[in-house]
Amino acid sequence: MDRTVPSSGNEEIQLYMRTYYSLLRSTSPVPIKVLIQAHQSMHSALHVHAHEPTPDLAALNYVTLRLPDVIDQVSLVVMGQSERAFRKFGYGDLSSWQQVSAPGRRRRTFFNGDDTLAVFIASRSDIDDLVPMLVAYEIERRKLYVLLGREEPLRFLQTLMTQGIQDVEACCQQLAEFTGATQEGWMRLYRVWGDTLLSRLWRMATEKQSIAVRSLSGSLADYRRATRRWWRHVEENFPNTDFSSLPAYFISSNTHSMANLLSGYALMHEQTLIDFILAEDAKELRQEYENIRQEIAPSRLENFLYYVWKKYEQAHPEAASQRLAHEMRLGIHRVPSEYTAFDIEVQIVFLNRLRPEYLDPRLQLPGIESLHRSEAVIINIDYPLGLAAYQVLNEIARNIDEIRGVFIMGKAATLNGRIGDVMIPHVVHDEHSDNTYLFRNCFTGDHVRPFLVYGSVLDNQKAITVPGTFLQNQQYMAVFYKEGYTDLEMEAGPYMSSIYEMSRPKGHPYNEIVNLYEAPFPVGILHYASDTPFSKGQNLGTQNLSYFGMDPTYATMVAILRHLLSAEIQRAEKGR
């Protein structure tokens, strides 16, 4: 096999990473501004216009979706692995701080109400994710401070803050003229920021913010201890269950799609959901429903109802507890990630308690009634970030009697497809270990294609696990594209390293071609495209999968559950 894959990306990315890791060894806070030049020199595919005076609103949109809203007030970001570490370095009891979150990133984060943000780090990947986002944020904020801090823009913002925005398009057009960015870019930012747009822009125009970052001392042992505490928290929620005696299927996905498919709760309340969209100002949803019923739109009614249920719960919070109670009666349990560094929710599903009549129609398999004889559980986790995947799967494997399958579903960037496509790799190059893993993916296009409406299925792909979303550029991606790598993501490589250690009597190697065709259980990886980085500036900051993101999400989860349930039905029928 021809292998010309570079060991750690190109020189600009390596230099950037070496720079911030060396600076973070300091015992004092490091000003983000010292990383700006290295960040700009990297020419990130997610921050195309970093070096230009014109604002890169796509990059700003991307990072503000992944940083808490209070970032505008922050001058110090402290990263640590445990509450003990924060106390040791004088940051007090974080339980007295305000817990804050971001819509696009799960990470335990606390704000002291003044100027300090405490961020829990579950692995090195959190650093590779967070630091470049902070640098990108500061770069774009500095641009807006200059461009909007002049007399005319300030007067315009002040008038709007008094009178409110009467015409969004006209407002965004004027902001475009002040800044040199496009009206379309400002419209997208408005859709994300909403009513906070004016107050946030006023703060950016009038306050020259400067952020510093500090990494509290930590170690690999600390990461492992944090992972162990996370799993113990799961076990404590099931005092009468001995996980060490149970066989389990491991899934890395999200916390809504599997539960919806197995519980049938939204489908049971179809009329309630239809009444809801008819009563609400939801013209597009009403039209979509009519198009589905009249077979004008090819969308699945089940997927549509799952989407509407999420909206319904937002309007009727009490409905969530009723749904959770129904799920628990069916053996579907959720364990929140409270009091641990890992913001990773876990679902435990006891297969013998599922009720066939409630299953999604796509899961109505022959012999499904024999599941009541199954002894197995599903352990589904809200997919972790980067290297945390290796730690989590290792910890679960150490505490389970038998792993019967590892199935990974997640987002990825595609170099040859479109947003909404599904990619099925059989090769994974891991930038963390420099290993290239060859494996037999238990899924092919035929397993997904019948359930995917809008996108395409691309199997026999080659995936690369990158260290961070910003740590890519056109040169970097072009090298891999030349070698046939089209699927860029952040978790498959660490999962493969863990699978290696579940298959061999030693730790995973480095910088090798690794054959995992003889793994002792099925391994399946399904990625759906959420970014097209070769389209400059086109990322999740400029687009949102929204409702149509349900299509690849449920198509891939249906494929996973059909494979898993079929295997367990066969075992149950054979009395194994």
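Nothing in this text is a laboratory measurement; each read-out follows from the coordinates by a stated rule. From a predicted model like this one, the values you see are computed outputs, not experimental measurements. Glycine also receives a Cβ, built like all others from the backbone with ideal geometry; neighbour counts cover every protein chain displayed.
Would you mind putting 518-530, 477-489, 457-469 in packing order, based on average other-beta-carbon counts within 10 Å, highest first?
457-469, 518-530, 477-489
Output the antiparallel fraction of DSSP beta bridges having both residues in the chain, as a percent to the nearest 5.
Values: 26 of 71 bridges.
Restricted to the chain, the bridges split so that about 35 percent are antiparallel.
Rounded to two decimals, what is the ratio between the C-alpha radius of gyration of the chain and 2.2 N^0.38 Å?
In units of the 2.2 N^0.38 Å rule of thumb, it is 0.98.
Highest first, please rank the peptides 498-511, 120-133 by the mean number of other Cβ atoms sitting within 10 Å of their residues. Walk me through the numbers before you get to the answer.
On the way: 498-511: 14.7, 120-133: 24.0.
Descending mean neighbour count gives 120-133, 498-511.
Calculate how many DSSP beta bridges within region 11-215 are antiparallel, expressed in % of all such bridges and rounded to the nearest 5.
Working: 9 of 18 bridges.
Antiparallel: roughly 50 percent of the beta bridges in region 11-215.
If packing is taken as the average number of other Cβ atoms within 10 Å across a peptide's residues, how do 435-443, 405-413 rank, most packed first?
Going from most to least packed, we get 405-413, 435-443.
With +1 on each Lys and Arg Cβ and -1 on each Asp and Glu Cβ, and nothing else charged, work out how big the dipole of region 1-153 is about its Cα centre, in Debye to the nearest 20.
580
Put +1 on the Cβ of each Lys and Arg and -1 on the Cβ of each Asp and Glu in region 11-215; which of GLN163, LEU148, GLN99 then has its Cα farthest toward the positive end of the dipole?
GLN99
Are any of the pairs LYS482/LYS506; LYS208/LYS411; LYS143/LYS462; LYS411/LYS482; LYS143/LYS283 more than 30 Å apart by Cα-Cα distance, and if so, which?
LYS482/LYS506; LYS208/LYS411; LYS143/LYS462; LYS143/LYS283
Just to confirm the number: angle between the C-alpha axis of helix 270-279 and the first principal axis of the chain, 0 to 90 degrees, nearest 10?
Taking the Cα atoms of the chain, the angle to 270-279 is about 20 degrees.
What aspartates and glutamates could a cross-link reach from LYS311, if we take a straight Cα to Cα line under 19 Å and drop same-chain neighbours fewer than 8 places away?
The qualifying aspartates and glutamates are GLU270, ASP275, GLU280, ASP281, GLU284, GLU288, GLU290, GLU302, GLU327, ASP551.
To make sure I understand the rule: partners must be aspartates and glutamates, Cα under 20 Å from the Cα of LYS88, and not fewer than 8 residues away in the same chain. Which ones qualify?
Straight-line reach from LYS88, under 20 Å: ASP115, ASP222.
Pull up the DSSP beta bridges for region 412-479 and report the antiparallel fraction as a percent, rounded to 5.
25
Which of the listed residues, ASN394, ILE344, ASN473, is farthest toward the dipole's positive end in region 334-484, when Lys, Arg count +1 and Asp, Glu count -1 at the beta-carbon?
Going by the Cα projections, it comes out as ASN473.
Please report the relative contact order for region 220-574, taking Cα pairs under 8 Å with a sequence separation of at least 6, and give it as a percent rounded to a whole number. Numbers along the way, then the final one.
Values: 622 pairs, mean separation 81.5, N = 355.
In percent, rounded to a whole number, it is 23.
In degrees between 0 and 90, to the nearest 10, how far off the longest principal axis of the chain does helix 283-293 point, with axes built from Cα atoms?
Roughly 30 degrees between the two axes.
In the calculated pair distance distribution of region 211-298, what percentage of Cα-Cα distances lie above 18 Å?
Working: 2793 of 3828 pairs.
Of all Cα-Cα pairs in region 211-298, 73 percent lie more than 18 Å apart.
Which aspartates and glutamates have a Cα lying under 14 Å from the Cα of LYS33, excluding residues fewer than 8 positions away in the same chain?
GLU138, GLU140
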